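Presented below is the structure to which this report refers.
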Amino acid sequence: MKNKASVVIIGGGVIGVATAYELALRGVKDIVLVEKNTLFSGATARCGAGVRQQWGTEMNLRLSIGSVKRYETLAEELEYPHGIEFSQTGYFMPVYSEKQQQQFEKNIILQRKFGLDVQYLQPNECRSVVPIVSLDGLMGATYYDKDGYLSPFHTTAAYAEAAIRKGVTIEKRTEVLGFVMDNERIVCVKTSKGDIFCDTVVNAAGGWSQEIAKMAGVHLPLISERHQILVTEPIERLFRPMVMSFTHGFYTQQEPNGPILMGVGDPNEPKGTNMDHSYHFLHTVASLVTSVLPAVGKARVVRQWSGLYNISPDKAPILGLPKEVNNMFLAVGFSGHGFMVAPMVSEITAQMITGEELSIPEARYKLDIGRYDRGELIVEPSVV
Ligand SMILES: Cc1cc2nc3c(=O)[nH]c(=O)nc-3n(C[C@H](O)[C@H](O)[C@H](O)COP(=O)(O)OP(=O)(O)OC[C@H]3O[C@@H](n4cnc5c(N)ncnc54)[C@H](O)[C@@H]3O)c2cc1C
């Protein structure tokens, strides 16, 4: 293994590999990415892979709109022959209360300012988009047909292969164990396969990022939390868009070849890195989803799995440098939506490292870790 690098990236999920690619694209040499398991074995491989632009804050809108633009042509840009299966079949968000209706109407005003043609559907219009939706208590829905989902495996593989072609070294089964510090700088990354002396480190370790930061004496205000997904056998097409209910807390989509995938958060989930799965989840998610989409009840369950959300206090990412260490860039805290913003986040992280102007200039002072001390949280009204 190389014992010197300009940049060591910790974590081989979508954020780590995309950042490796973005840095290499900018001509940075001697990049080494270290991953303790295999590539995309963390949250990236376990996610719902939904991509939505229907957000309620300007920052999340900028991150997701920029990322969707990039995803639309990413396979060609990365010369990835298999495609990344970006399917823009929309997000449908049902409304069940007046408060929610008012919030969604406000969101739509903002979303339209950003050029998104998001629709508010009346109850009698909802079945034209999701024919199996129950009308019980339904007060309408928002729908945007350019949201969708894509393959986390192909997307991450596409970034990784392009990064390798540009000279990035990827060390799998290589665990970061600690750092050698010189005052406020990391000078060496200690791994299970040896030491790597370096100028810059990127912490893209997902649910383990706070442990990595701690090795450099940095406290990150993050928690990790198990989130589970259940998948059914393939059945005939019942619905096309992702259905995401903030009232019930679930999201569900039917994949192109027929299986239905669904997930829901558990307010009583203990914090930590446990990735077992539970019957409680299966029962909860199945009950909630079938109360809104009764026809899904006929599909048989095939299996379930879990992964980690890495959650920040305002559920928005933390990017840039912490005040204690001046060469460990953070790309952490994505909560349940890191996959959909990966293109913009990795671009911005690479721009910060190379000293370029940022594609979203305000990210420098709005997504930094200092916002929590300043009390300038990005309060997003629309997260599950
Ligand atoms: C159930 C579930 C559903 C989700 N659904 C969606 C969705 O629909 N849309 C969306 O946009 N997002 C979704 N997310 C969130 C999304 O998966 C994450 O935000 C995103 O994948 C984060 O990518 P990452 O690269 O930061 O982290 P990860 O993919 O977790 O990668 C971090 C990597 O760091 C490695 N690592 C950790 N410690 C070390 C160490 N000491 N040494 C070396 N390597 C280390 C890990 O092994 C891991 O591979 C979901 C997440 C879950 C769990």
Exercise for review: Could you check A295 against (1) buried (at least 21 other Cβ atoms within 10 Å of the Cβ); (2) out of contact with any helix residue (DSSP H, G or I) (no Cβ under 6 Å at 6 or more places or on another chain); (3) more than 14 Å from Q210 (Cβ to Cβ) and say which number it fails?
Suggested key: (1)
Practice item. Go through the stretch 348-362 residue by residue and tally those that are within 16 Å of the ligand (Cβ to nearest atom) and either open to solvent by 30 Å² or more (accessible area, probe 1.4 Å) or on the phi > 0 side of the Ramachandran plot (or both). Key: 0
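For the stretch 302-324, state whether one or more residues are of a type in the set (A, V, I, L, M) and surrounded by fewer than 17 Cβ atoms within 10 Å (Cβ to Cβ). Give the derivation first.
Filtering the stretch 302-324 for residues of a type in the set (A, V, I, L, M) gives 302, 308, 311, 316, 318-319, 321.
Subsequent filtering for residues that are surrounded by fewer than 17 Cβ atoms within 10 Å (Cβ to Cβ) retains 302.
Yes: the stretch 302-324 contains one or more residues that are of a type in the set (A, V, I, L, M) and surrounded by fewer than 17 Cβ atoms within 10 Å (Cβ to Cβ).
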Review point. What pairs can you find where one residue is in the stretch 176-188 and at pLDDT below 95, the other is open to solvent by 10 Å² or more (accessible area, probe 1.4 Å) and more than 14 Å from the ligand (Cβ to nearest atom), and their Cβ atoms are less than 8 Å apart, with a gap of 6+ or different chains?
Key: none
Study note, to complete from the structure: S335 vs (1) within 15 Å of the ligand (Cβ to nearest atom); (2) in contact (Cβ under 8 Å) with a residue 60 or more places away in the chain: all pass except (2)
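Do you know which residues across the stretch 170-184 are open to solvent by 30 Å² or more (accessible area, probe 1.4 Å) and within 14 Å of the ligand (Cβ to nearest atom)?
Looking only at the stretch 170-184, we keep the residues that are open to solvent by 30 Å² or more (accessible area, probe 1.4 Å), and these are 170-173, 175, 177, 180-184.
Hits for the stretch 170-184 are I170, E171, K172, R173, E175, L177.
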Check your understanding: Of K69, K2, K29, which residue is at pLDDT below 95 and away from the ligand (no atom under 15 Å from the Cβ)?
Key -> K2
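Residues checked against (1) touching a Pro at 6+ places or on another chain (Cβ under 8 Å); (2) in a helix (DSSP H, G or I); (3) surrounded by 22 or more Cβ atoms within 10 Å (Cβ to Cβ):
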position: M1; (1), (2), (3): no, no, no
position: E22; (1), (2), (3): no, yes, yes
position: K29; (1), (2), (3): no, no, no
position: K36; (1), (2), (3): no, no, no
position: Y80; (1), (2), (3): no, no, no
position: F92; (1), (2), (3): yes, no, yes
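Does V51 qualify as being more than 19 Å from the chain's Cα centre (by Cα) and within 8 Å of the ligand (Cβ to nearest atom)? Write out each step before concluding.
On the way: more than 19 Å from the chain's Cα centre (by Cα): no; within 8 Å of the ligand (Cβ to nearest atom): yes.
Criteria not met by V51.
S64 - would you say it is open to solvent by 20 Å² or more (accessible area, probe 1.4 Å), under 19 Å from the mean Cα position of the chain (by Cα) and within 11 Å of the ligand (Cβ to nearest atom)?
no
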**Study point:** Residues (open to solvent by less than 30 Å² (accessible area, probe 1.4 Å) and either over 20 Å from L238 (Cβ atoms) or not in a strand (DSSP E or B) (or both)) located in the stretch 145-161
**Key:** D147, L150, S151, P152, T155, T156, A157, A158, Y159, A160
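Restricting attention to the stretch 121-144, does a residue exist that is more than 23 Å from Q253 (Cβ to Cβ) and surrounded by fewer than 18 Cβ atoms within 10 Å (Cβ to Cβ)? Spell out the reasoning first.
Keep residues of the stretch 121-144 that are more than 23 Å from Q253 (Cβ to Cβ), which gives 122, 124.
Next, only the ones that are surrounded by fewer than 18 Cβ atoms within 10 Å (Cβ to Cβ) stay: 122, 124.
Within the stretch 121-144, one or more residues are more than 23 Å from Q253 (Cβ to Cβ) and surrounded by fewer than 18 Cβ atoms within 10 Å (Cβ to Cβ).
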Point to revise | strands (runs of 3 or more DSSP E) completely within the stretch 185-291 that count 2 or more residues being open to solvent by 60 Å² or more (accessible area, probe 1.4 Å) and closer than 30 Å to K2 by Cβ | key: 185-191, 194-203
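Checking the condition within 14 Å of the ligand (Cβ to nearest atom), farther than 30 Å from P381 by Cβ and either among the acidic types (D, E) or over 17 Å from the mean Cα position of the chain (by Cα) (or both), which residue from I196, I235 passes? If you could, list the steps in order and put the result at the bottom.
Details: I235 fails: within 14 Å of the ligand (Cβ to nearest atom).
Exactly one of I196, I235 is within 14 Å of the ligand (Cβ to nearest atom), farther than 30 Å from P381 by Cβ and either among the acidic types (D, E) or over 17 Å from the mean Cα position of the chain (by Cα) (or both), namely I196.
The values are calculated or read from the model by the stated rules, or taken from the named source; none is laboratory data. No experiment lies behind these values; they were computed from the predicted model shown. Quick reminder, even Gly has a Cβ in these numbers, built from the backbone with ideal geometry, and neighbours come from all protein chains shown. For the accessible areas, the whole protein counts, side chains as well, though only heavy atoms, and no ligand, DNA or RNA atoms are used. Shrake-Rupley method; radii C 1.70, N 1.55, O 1.52, S 1.80 Å.
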